[in-house]
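This report concerns only the one structure given below.
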Amino acid sequence: MNKITYLWQENQGISAARNRAIQEAKGQYIAFLDSDDVWAKEKIQVQVDILDKYPNVGLVHNKMVMMNDQGQKVGMKPKRESGKNFQELLEIGGDLPTSSVMTRRECFDKVGLFDESLPIMEDFEMWLRIAKSYDLYEIQDAHLAYYYRHDQQITKNRIKVFDGTVKLQRKILAMYKNIPKRLIKLKLYHNQYLLARAYYDKKEYSMALKYVSKTIFAYPLVGMTFYHLSDSWIDKIIKIFKPEIFWTFCLFKLCFK
């Protein structure tokens, strides 16, 4: 009996590939392994045992060891704590690394497949949907997956990162009730401004002006979302007015390029 099934389809993005695999899967549990990651040999057994033991758990995960091209450990992914439930995921924006995840096939029957319209953060959006209906379980005493950094990763593309994050936050606001909407909106404005900056760095001044204008119109004090506790009052004043100054630069570049 063949233990591996190879599926091929035209490149339609990572979510479409995952969705095809989920639809073809016949097992009770689903795990993911991205092309730049590696599993520890005991990962599957450890996570299956947890899902077998706790029927209310819909997703089990753990932090991943980050490796460089020389095979050296350079950190952990994520660096900080992940959310332990739906509400904490919203508030923290927790990162549950996809290659560390194992979930139940039934979860996708209940909450649907990956959103193929999201250019990035599609995995986090899925974990949110699962966390709304199931418990999460984080393995804290073992390293079961390894993440290899390289220059071709999509997270190196700042426009895709911030565009995907903005789309995700808009979807969250439209999809869920009884959530901390002000917090999500502040994250939206923060990332929308960063998206404008990313477009400016690529000399796409019309797009930069579009997004900084939308941000300032919706929340003129977006600069406050960049405050740090250690900032002096002068630094805070500068950050408040920096988006408006940036808007002027974008308009100037667009008019005189």
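The values are calculated or read from the model by the stated rules, or taken from the named source; none is laboratory data. Because the structure is a prediction, the values reported are computed rather than measured. Please note: Cβ atoms are built from the backbone with ideal geometry, for glycine as well, and neighbour counts cover all protein chains shown. In case anyone asks, the SASA skips ligands and DNA or RNA and just uses the protein heavy atoms, side chains included. Shrake-Rupley method; radii C 1.70, N 1.55, O 1.52, S 1.80 Å.
Computed quantities for the displayed model
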read-out: Gain on full stretching of the segment that runs from residue 181 to residue 10 - 0.36 nm per residue minus C-alpha separation; value: 57.7 nm
read-out: Where only C-alpha atoms are counted, convex hull volume of the chain per residue in Å³; value: 169 Å³
read-out: Cross-link reach list, lysines versus residue 177, counting only Cα pairs under 16 Å and skipping chain neighbours closer than eight places; value: 132, 185
read-out: Integer Hz, Karplus 6.51/-1.76/1.60 couplings in order for the stretch 92-100, x for Gly and Pro; value: 7, x, x, 9, 9, x, 4, 6, 8
read-out: Under-5 Å amide H pairs with residue 94, H placed in peptide plane, nonlocal only; value: 83
read-out: The stretch 4-51, dipole about Cα centre (Lys/Arg Cβ +1, Asp/Glu Cβ -1), debye to the nearest 20; value: 160 debye
read-out: Backbone HN-Hα couplings from phi across the stretch 108-123 [Karplus 6.51/-1.76/1.60, Hz, Gly and Pro as x]; value: 6, 5, 7, 9, x, 8, 4, 7, 6, 7, 8, x, 7, 6, 5, 6
read-out: Most mobile listed residue (100, 230, 117) in the chain, GNM with C-alpha springs under 10 Å; value: 230
read-out: Other-chain or far-sequence residues with amide H under 5 Å of residue 75's (modelled H); value: 66
read-out: Long-range HN-HN contacts of residue 29 with modeled amide H, under 5 Å; value: 105
read-out: Fully extended contour minus Cα-Cα distance, from residue 174 to residue 24, at 0.36 nm per residue; value: 51.0 nm
read-out: Computed [θ] at 222 nm, helices only, for the chain once each DSSP H run of length n ≥ 4 contributes -39500 (n - 2.57); value: -15500 deg cm²/dmol
read-out: For the stretch 79-153, with +1 on Lys and Arg beta carbons and -1 on Asp and Glu, the positive-most of 130, 144, 93 along the dipole; value: 144
read-out: Karplus 3J(HN,Hα) series, Hz, for the stretch 135-142 with 6.51 cos²θ - 1.76 cosθ + 1.60 (x for Gly, Pro); value: 7, 10, 9, 9, 7, 10, 10, 8
read-out: Accessible surface of the chain, 1.4 Å probe, proportion on carbon and sulfur as whole %; value: 55 percent
read-out: DSSP-assigned coil residues among chymotrypsin sites (Phe, Trp or Tyr not before Pro) in the stretch 149-257, each with at most 14 further Cβ atoms within 10 Å; value: 227
read-out: Electrostatic dipole magnitude of the chain [Cβ: Lys, Arg +1; Asp, Glu -1; Cα centre; debye, to 20]; value: 900 debye
read-out: For the chain, accessible area per residue (1.4 Å probe, heavy atoms of protein chains only), Å²; value: 59 Å²
read-out: Those trypsin sites (Lys or Arg not before Pro) in the stretch 195-235 that DSSP places in a loop and that have at most 10 other beta carbons within 10 Å; value: 203
